[in-house]
Structure formats: C-alpha cells, structure tokens
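J.: The structure's right below; bear with me while I get my questions together.
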Amino acid sequence: MNSPILEVKNISKTFGNIKALDQVNFFLEKGVIHGLLGENGAGKSSLMNVLSGIYIPEEGTIRIKNTDIEKMNPDIASSLGIGMVHQEFRLIESFTIKDNLTLSKANIFSDNFEEAYEKYSDIFALNAHYETRINELSVGEKQKVEIMKLIFKNSDIMLLDEPTAVLTPQETSQLKNSLEQLSQEDEKTIVLITHKLKEIKEFTEKIFVMKNGKMVARSLDTKNVDDNELIELMMGEIKTSIFEKNNAKGPVKLETKNISLSNDDGQVLLNDISLSIKSGEILGIAGVSGNGQVELANVICGIERSFEGKVLINAKDVSLKGVRSRKKLNLSYIPENRLGVGLAPGVSVLDNSAIKEYFKSSYGPHLSKGKMVNYLSDLINQFSIKAPDEKAEISTLSGGNMQKLLMGRELISNPDVIVAAQPTRGLDVSAVDSIHKLIINQRDNDSAILLISEDLDELFKLSDRILVLYEGKVMKEVEIENASIDSIGLAMAGINE
Amino acid sequence: MNRYILSKKLYRNELATFYSFLIGFFIAIIVGSLILIIQEKNPIDVFSLMLKLSIGSINSISNSLNKAIPLILAGLGISIINSVKLWNIGAEGQIFMGAIALNLVYINTSIQNPNLYIILLLGSGFIGGSVCILIPAITKVLFGVNEIITTLLTNYIVIGITIYLINGVWKDPASLNFPAAAYVDESVYLPIVVGKLSSGFLICILFTFLAYYIKDKSVFGYEMRIAGGSELTAIYAGISAKQKAFFAMLIGGGFAGLAGAIELLSQTHRVSTGISQGFGYTAIIVAAITGMRPIGIFLVGSLFGALTIGGSVIQTIGVSSYIAEIIQATTLFGALVAQFFFSYEIIKKGKNV
C-alpha cells in the first residue's frame, strides 16, 4: 500500500461532557472511494469537520500529503485540497452556476472555464448552461454543482456528507458513475458518508465504520465484507431490558390504507404504506431519519393533507378531516421537533400547556385563564414537571421537563391513538426512563401507539411489532418475538433478506 | 484567555419594560437638556413651562389627552398586529384612510339621529383603516411579501389620495383655495366631556380595554400568540397562522382608522392634510416602548400627547418644538437599549477550544 494521502491519529473532540470523537484513527488512500458508515451521532460529521478545519480537536495529529499540520483551519484545509459537500448546500441561490463555481480564490479554471465546464458537466450529466441561476435548478442539479465546486477549487480530497439523501434512485446511480470517473481519471480521493448499506457497497472500495465516537473498523475491503458484519459493527450490542409484552390487545384503533405522498419536486416521500394498530399495542417504526417517518406522522395527524390513501381512526375515515377534528377523536401527536413544532418558542409555559385542548378552556370567544391554570397544575402534579413559573418562557425549562410537559399535555386525556416521534431524543437517562414508563402505562390503558424512533434499543424495549421504513416504503414488518437486530438493521439500510 | 459573551437571561423581571421606559425617559430628558443648554436656554425653565402648559390646567390636560387619542389608538392597533409578530408601519396611512372613509360615508348618507350617525361614521372610519391594510394583508398571507415595506408604502399612496381628493372632487369652494374638504355638520362633532376633552378619549379608554381583552383574554389572542411564536406549532395545533395574521392586520388597521375618524370628528372637522401630524409614526414608538402592552400604550401615549402639546407651546419662547420629538425618539432608543440589558447579561467565559 502507498503511504496514505491523509492520516489522522488519536483524534479526540468533546462537546460539553459528550465525547464526539474518541481517539479516532483514520486514513485515506489516493484515488480511492472510501465509505464512512455509522448511525446518527456516531461522530461521522464531527470527524469530517475536523478534517475540513472547522472543529479543532483537543488531541491527536493530522498529517496530510506527508506534512504534519500543526494548527488546522478551514483556509489551510482548503489550500491542502480538502473540500466538503455539506448536507445543506452552500450555494448562492441568486448567482449563476459559473459565478458559484468560480467564486473561490483557489479557482483553477479561470482561463479555460468553458472547456472545464464542458468536461465536468459531461461527467456529472448536468444539462444546464453555466449562466443558469442556481435557484432555477432542481435539488439533484444543485448537488452536482456543489460537487463540481470542489473540483474547480482544486480539491483532491472530497468529503461528501450524505450526498444521496436528496436524490432519486436514478440520480443516485448517476452520481455513482460520476464519482467513479473522478476517482479513476482525476485520481480524486473521495469519502462518502452514508447510512445506506446498499450504496456504500456499490459506491466504495474501502469502508470505515464509526460507533459512539469511536472508529470500530478501518479500511475494510468492500468486496470481502459481509452485510451482517457491517450491521453488527454499526449497531453494536443491544441491551436486553425489555418491558413485559403480555399486554392484552383490543380492536384496531388506527389504520392507514395505501398512503402515498410526493413532494413538489416529484420525489416520492411515502409509497403505499398500509398499517394497523390495535388498542393496547405499540407499533415501532424503525428507519434512518428522512425515510418518511415525519411525513407518515404528519399524514396520520392531519397536518399533511395532500396524500393519497386512507387514514382511519376507530374505524372512522378521517382522510379528509383536519387537525382539529382528528384531535376530537382523541388522537395525540408528540412531534419529533419538540421546540418549534410541539411547543412554541417565545411563548409562556401556560400557553404552551394548553395547545392541545385550549378550546376546552373557552366560552365562545373568551378564554378562561383559570381553567388553563388548573389544567397546567394538573399536568405539573401528574407528570412531576419542574416549571419555574407559568409565565416563564417555555425555553427556560430543561429538555426533559419540556418533553414531560409536551407528553403530559398529549397524554392526560387518555388518548385512543398516540403518534410519538423520537420521544426520548436528546434526553438524559432518567428522563428517558420516565418517558418510557409513560408510554407503557398508556399502552396498558388501551391506547394504540405508533412509536417512531431511530433508537433500536428503544424500539425493541417498547414495541410489540416493528415496521421498517426505507425510502418511504415498508421494507419489513415483524412481530417483536421474531425480530432480530441484524435483520432490522439490514432493512433500515435498504436490504431485505 | 477569557472571552465575554452575551447570554440570554432565563428569567426576565416582570417590570423590566417599565424600568426600561424610566431609564429611557431619564436619558431623553438629559439629552434634551444638553441641547437646550447648547441653545443657551435654561432647561429647567423650558421644562417647567412645558409642564405647566401641558398639564397645568383642565384645558391644557384635555389638550394633551386629545393629542394622545390617535397615538393610543394607532399604538393599540400596532400592538394587536404585533401579536403575530408582524409590524404595521402603515398606521399613518390608515389614519388618513379612516378620515377619507368617514367623509365618503358622510357625503353619501344622512341620518337624523346624530348619535346613531356618529356611531356609523366612526364605524366607517374603522373599516377604512381595515381596507387600507387589506392589500398588505393579502400579499403577506398569499405571497409572503414583507409587511413592513407594503404598509410603509401604503402611507404614501393614501396621503397622495388625500391630497388628490382635497384638491379635486372634495375641495371646499368656501375654503379660499386652502386644500381641504368641506366641514362636517356641527351635529356630528364628538361631544366635549369636560374642559376641552373630547369624548373620543372615552372611546380610547374603551378600546384600550378591548385591545387588552383581545390580546390577553380571548381565544383569538391565544391563537395569535401561538401563531406568532411558531407557525409550525400553529399548524400542529390546528390553528391557521395565516388566517390569524390576516385578521390581526385588519383589526389593527381598523384601530388606526378609528383614530382618523375621531380626529376628524373632534379636531379638524374636515378632511385635510392636518388629520395626522405623524401620529402613525409616533404610535410605533409608543407601542415599541411599552413592549406592545395595551395599558402601557395608554399611559405612554398620554405622556407623549402631553409632550407634543408642551413642545408646541414652547415655540412661543423661541425654542423649537422639535425638542419634544427628540425626547420621544431618545426615550425609545434608551428604553430599547435598557430592555436589551434586562433581557441579556454579559458573562465571562473561559476559552473553550
């Protein structure tokens, strides 16, 4: 093996008391497409940010093209040829393609721009004139420009963060060809960050796997590696703390029939989803974020109205009904985005506590503050919420207390159907524990619960059945007794045995 | 190495807005005094004269309060619209539109009972204000056009329309070439309560409580707060944020339109460019100083009315009336800076990287 073009040793980076990177070793070989695999929060993006000079690690060494880098910053990284495509595009929307490509001071094609543009737009199959403005391009085209930007500023180490997340399957296979051409003809070194096993196996030659801030596998040969092996590396061991599952199940309370949804760009977000949940049952939805979970929850709760198919609550067709009338059928929704969707920032604790049932505190146009205050104190007592003052802004509460307020607000009416998305994300252990107890308690009170989570431990612990979403489709549906972490993990990565 | 960063305080003092106002007003008095000293006037003499002539007698108090009416009503309208976190810079135009709508109804109708007629005319002023903000409201809700720009621009349009009307179709031949519409009949003048105080002030008190009720005690106010906090939360809660924004704008515009109608029926008695002397702009200052609280708007509006009267009378001793405007503007500036320090604190942080 040649000496690596880039090598980092024993890199560590902490945020507060979280170790984002823990003694990470990593290296890249020239002209090779590398894959970096890991769950959300495994440290992939942190590592990339260290390489591009955005984060400064507390310890460790970085060696690029046989020079030790004392102090890294984005300028140095860029001059050493490291370029990154972030998940959110960094293009100037009102500028033309040409302006965006030649913006960098390191632009190498200032004299022969047209020639270079012809060559690379050909490689990327980008059918747009370079005087086209960015805001006239589709998402897939924007991404092509974003990657071309790296070439134009002479980056030969290209870091691509989840480049396929926004692409259609056709665009994805096109991207694969483009990247292969770049690595072979221009000897570009490429790192592809992804969750999708299928892609990492198709795109790359070498695979690195991260888990909990550690590099758990280095430079595996893609040809010789087994899917199950990768999943095990990525997911790790599962804890076996599982709630009792001998709960009695009643009639079906929530049912969806052939739900499909596309966005304005024609990208399919949900594809023919049918599911049903009985009372006293928890259906866990597994999947890497962005595979249709949020959209599914929004369709069920009446926020997303332009779908095809049917939603039934207690055997009643509510497909054409709005949020309010579905709430009246005793449906509760705990959204993934706590502050911003579930709770309104800048608004008081009292006002936020009333969002679900404020119309019950009203007499015609009058809103009874007394009733709202009583309701809030019920919530505070029943769910042991620590709130300083009813008038305090909601964001003065801790994350755990915010979530308890939100959960309490949605659960106090003993709902028939509960949709809970990522209910424990970002919470500490004791808060997670109490939220789990609330969910199980609600199950035993005969609610039908749809639990969306990226945390497989949580899904195995709580669910009676698990359904895996991948690219808006049901990839797998399995009773918990027959579910294995490997098969769920494979399905999440888009592989069905 | 230490660095200093601004951090938002978790708890904000309940009375922070009030203290901020006091601090701002204090700074404004000092600035005003300095300017007077530069002009070789004794600030104590000037301020005591202002005080005497603005609140020294029943008549001067009623003059001050009459001046406060449009500031308060337009300020309340601005505060209602701000419940959904939108800014109405168009109160000036809405005041004129209120007067125009009143006159339009007046010259086309006739009702024997003067009390009923007055109510009808005031109502048409309110609707005039709503109509004035209709286009900014529609463009905001349908296309997301920035309401600050559109409401500001409607001011110029409406004032243009006013000038066109009073120089053209509505021009009063008896006004000896002064551009103004004909006077309305004395029977529809707003009655005087005491001294020179117009009964418009009572309407003003009523509407202060109405605005307070709408904002703080009604379902609509609650929905506006949620929609103003986060549009996504509103959608999640089944509240149409756009609908709330639309109606908040119409109501807020109506408040300013009513101010124009009261001004016409109690002060100018006809449509002229004198319907508003920048009341719609000063109302923004009033509303901003009080943190959009209706009762505060009532109090600060009254004070600013007195300042305006005080400012106009000190011209008799050779001091520009602009001193009152300088004090008003500096109060806002000082109060906003003070509010900032009540909401944030500067904390020292060790170097973290």
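No lab work stands behind these numbers, since they all come straight from the coordinates. This structure is a prediction, so every number in the text was calculated from the model and none was measured. Reconstructed Cβ throughout: ideal geometry from the backbone, glycine too, with neighbour counts over all protein chains shown.
J.: Expressed as cubic angstrom per residue, what is the convex hull volume of the alpha carbon set of the stretch B:244-353? Provide the component values of the computation, followed by the final result.
T.: On the way: hull volume 20.3 nm³, N = 110.
Convex hull volume per residue, Cα atoms: 185 Å³.
J.: Can you tell me which lysines have their Cα less than 22 Å from the Cα of B:Lys196? Leave out same-chain residues fewer than eight positions away.
T.: Cα-Cα hits under 22 Å: B:Lys52, B:Lys67.
J.: If you don't mind, there's one more thing I want to ask. What are the extents of the Cα atoms of the stretch B:1-101 along their three principal axes, in Å, largest first?
T.: Computed over the Cα atoms, the extents are 60, 47, 25 Å.
J.: Which shape class applies to chain B: rounded if a/c is under 1.5, otherwise prolate when a/b exceeds b/c and oblate if not, where a ≥ b ≥ c are the square roots of the Cα gyration tensor eigenvalues?
T.: Judged from the Cα gyration tensor, chain B comes out oblate (a/c at least 1.5, b/c at or above a/b).
J.: Here is a follow-up. Nearest-5 percent of antiparallel DSSP beta bridges in the protein assembly as shown?
T.: Numbers: 55 of 92 bridges.
Beta bridges within the protein assembly as shown, antiparallel portion: roughly 60 percent.
J.: Could you tell me what percent of the DSSP beta bridges with both partners in chain A are antiparallel, to the nearest 5?
T.: The answer is about 55 percent antiparallel.
J.: Can you list the GluC sites (Glu not before Pro) in the stretch A:198-299 that are in a DSSP coil and have 14 or fewer other beta carbons within 10 angstrom?
T.: Those that pass, being in a loop and sparsely packed, are A:Glu237, A:Glu244.
J.: Continuing with the same structure: Suppose we keep just the DSSP beta bridges with both residues in the stretch A:252-492; what percent of those would be antiparallel, to 5?
T.: Among the beta bridges of the stretch A:252-492, antiparallel pairing accounts for roughly 55 percent.
J.: Hey, another quick one. What percent do you get for the relative contact order of the stretch B:59-318 when only Cα pairs under 8 Å and 6+ apart count? The partial results should precede the final answer.
T.: Values: 476 pairs, mean separation 110.6, N = 260.
Normalised by residue count, the contact order of the stretch B:59-318 is 43 percent.
J.: Still on this structure, please answer the following. Quick one: which of A:Lys310/A:Lys473; A:Lys316/A:Lys437; A:Lys119/A:Lys142 span more than 20 angstrom between C-alpha atoms?
T.: Check vs 20 Å cut-off fails for A:Lys316/A:Lys437.
J.: Still on this structure, I have one more. Hey, what's the Kirkwood Rh for the stretch A:128-272 if you take every pair of different alpha carbons, in angstrom?
T.: Taking every pair of different Cα atoms in the stretch A:128-272, averaging 1/r and inverting gives 18.9 Å.
J.: Determine, for B:Thr316, B:Thr308, B:Thr150, A:Thr61, the number of other Cβ atoms within 10 Å of each Cβ, and report the residues in order from fewest to most.
T.: Listed from fewest to most nearby Cβ atoms, that is B:Thr316, A:Thr61, B:Thr150, B:Thr308.
J.: Treating only the Cβ atoms of Lys and Arg (+1) and Asp and Glu (-1) as charged, compute the dipole magnitude of chain B about its Cα centre; round to the nearest 20 debye.
T.: Dipole size: approximately 1240 debye.
J.: Pop a pseudo-label 7 angstrom from the Cα along the beta-carbon direction at both A:Gln382 and A:Leu103 and give the gap in nm to one decimal.
T.: 5.1 nm
J.: Report, as an integer, the average count of C-beta atoms from other chains found within 10 Å of each Cβ along A:387-393.
T.: 2
J.: Here's another thing I want to ask about it. Before anything else, pin down the relative contact order of chain A: Cα pairs under 8 Å, at least 6 apart, normalised by residue count, whole percent. Can you show the working numbers first?
T.: Details: 942 pairs, mean separation 75.2, N = 497.
Rounded, it is 15 percent for chain A.
J.: Karplus couplings for the stretch B:270-276 from phi (6.51 cos²θ - 1.76 cosθ + 1.60, θ = phi - 60°), rounded to Hz, Gly and Pro as x?
T.: 7, 7, 8, 5, x, 3, 9
J.: Which of the GluC sites (Glu not before Pro) across the stretch A:154-191 are loop residues per DSSP, with 15 or fewer other Cβ within 10 Å?
T.: Sparse-neighbourhood loop GluC sites (Glu not before Pro): A:Glu187.
J.: Let me ask something additional. Distance check, please: which entries in A:Lys196/B:Lys8; A:Lys211/A:Lys278; A:Lys360/B:Lys244; A:Lys196/A:Lys328; A:Lys19/A:Lys386; A:Lys44/A:Lys153 exceed 30 angstrom between their Cα atoms?
T.: A:Lys196/B:Lys8; A:Lys211/A:Lys278; A:Lys196/A:Lys328
J.: Also, quick follow-up: With θ set to phi - 60°, apply the Karplus curve 6.51 cos²θ - 1.76 cosθ + 1.60 along the stretch A:462-478 and write out the HN-Hα couplings as whole Hz, x wherever there is a Gly or Pro.
T.: 9, 6, 9, 8, 10, 10, 9, 9, 9, 6, x, 10, 7, 8, 6, 9, 8
J.: Got a sec? How would A:His366, A:His436 order by Cβ neighbour count within 10 Å, fewest to most?
T.: Arranged by neighbour count, lowest to highest, A:His366, A:His436 become A:His366, A:His436.
J.: For the stretch A:336-391, place one equal point scatterer on every Cα, skip the solvent, and apply the Debye formula. What is log10 of I(q)/I(0) at q = 0.19, 0.26 Å⁻¹?
T.: The Debye formula, applied to the Cα set alone, gives -0.70, -1.15.
J.: What Kirkwood hydrodynamic radius, in Å, does the stretch B:155-234 give when the mean of 1/r is taken over all pairs of distinct Cα atoms and then inverted?
T.: 16.9 Å
J.: Can you work out D for the stretch A:209-347 in µm² s⁻¹ from Stokes-Einstein, where Rh is the Kirkwood radius over C-alpha pairs, the temperature is 25 °C and the viscosity is 0.890 mPa s?
T.: My calculation gives 134 µm²/s for D.
J.: Name the long-range amide H neighbours of A:Val216: under 5 Å, sequence gap of 5 or more, or other chain; modelled H, no Pro or chain starts.
T.: Excluding prolines and chain starts, which carry no amide H, the hits are A:Val209, A:Met210, A:Lys211.
J.: In vacuo Debye scattering of the stretch A:252-492, one point per C-alpha: log10 I(q)/I(0) at q = 0.08, 0.14, 0.17 Å⁻¹?
T.: For the stretch A:252-492, the Cα-only Debye profile gives -0.29, -0.91, -1.30.
J.: Choose one of A:Thr172, A:Gly302, B:Met50: the residue whose Cα lies farthest towards the positive end of the charge dipole of the protein assembly as shown (beta-carbon charges +1 Lys, Arg; -1 Asp, Glu; about the Cα centre).
T.: The Cα lying farthest towards the positive end belongs to B:Met50.
J.: Let me ask you something else. Can you spot the aspartates and glutamates whose alpha carbon is less than 14 Å from A:Lys201's alpha carbon? Ignore those fewer than 8 places along the same chain.
T.: Hits, sequence-local ones excluded: A:Glu180, A:Asp221, A:Asp226, A:Asp227, A:Glu229.
J.: Which trypsin sites (Lys or Arg not before Pro) in the stretch A:32-105 pass both tests, a DSSP loop state and at most 12 other beta-carbon atoms within 10 Å? It would help to have the intermediate numbers written out before the result.
T.: Details: sites: A:Lys44, A:Arg63, A:Lys65, A:Lys71, A:Arg90, A:Lys98, A:Lys105; in loops: A:Lys65, A:Lys71, A:Arg90, A:Lys105.
Those that pass, being in a loop and sparsely packed, are A:Lys71, A:Arg90, A:Lys105.
J.: Shifting gears a bit: Taking only the C-alpha atoms, wrap a convex hull around the stretch A:2-75 and report its volume per residue in Å³ as a whole number.
T.: In the stretch A:2-75, the Cα convex hull volume per residue is 96 Å³.
J.: Just need log10 I(q)/I(0) for the stretch A:6-235 at q = 0.10, 0.15, 0.16 Å⁻¹, Debye formula, equal scatterers on the alpha-carbon atoms, no solvent, rounded to two decimals.
T.: Values, matching the q order: -0.45, -1.01, -1.14.
J.: For peptide B:311-320, how many partner chain Cβ atoms fall within 10 Å of a residue's Cβ, on average?
T.: Rounded to a whole number, the mean comes out at 0.
J.: Any idea what the relative contact order of the stretch A:1-108 is, in percent, if you count C-alpha pairs under 8 Å spaced at least 6 apart?
T.: 24 percent
J.: For chain A, what D do you get in µm² per second when you plug the Kirkwood radius from alpha-carbon pairs into Stokes-Einstein at 10 °C and 1.306 mPa s?
T.: Estimated diffusion coefficient is 64 µm²/s.
J.: Could you tell me what fraction of 2.2 N^0.38 Å the Cα radius of gyration of the stretch B:264-320 comes to, as a two-decimal ratio?
T.: This ratio for the stretch B:264-320 stands at 1.31.
J.: Out of every Cα-Cα pair in the protein assembly as shown, what percent are more than 40 Å apart?
T.: That fraction is 53 percent.
J.: Another question, if that's okay. State the answer as a single residue: which of B:Phe143, B:Ala174, B:Asn115 lies farthest towards the positive end of the charge dipole of the stretch B:59-318, with beta carbon charges of +1 for Lys and Arg and -1 for Asp and Glu, about the Cα centre.
T.: Value computed over the given set: B:Phe143.
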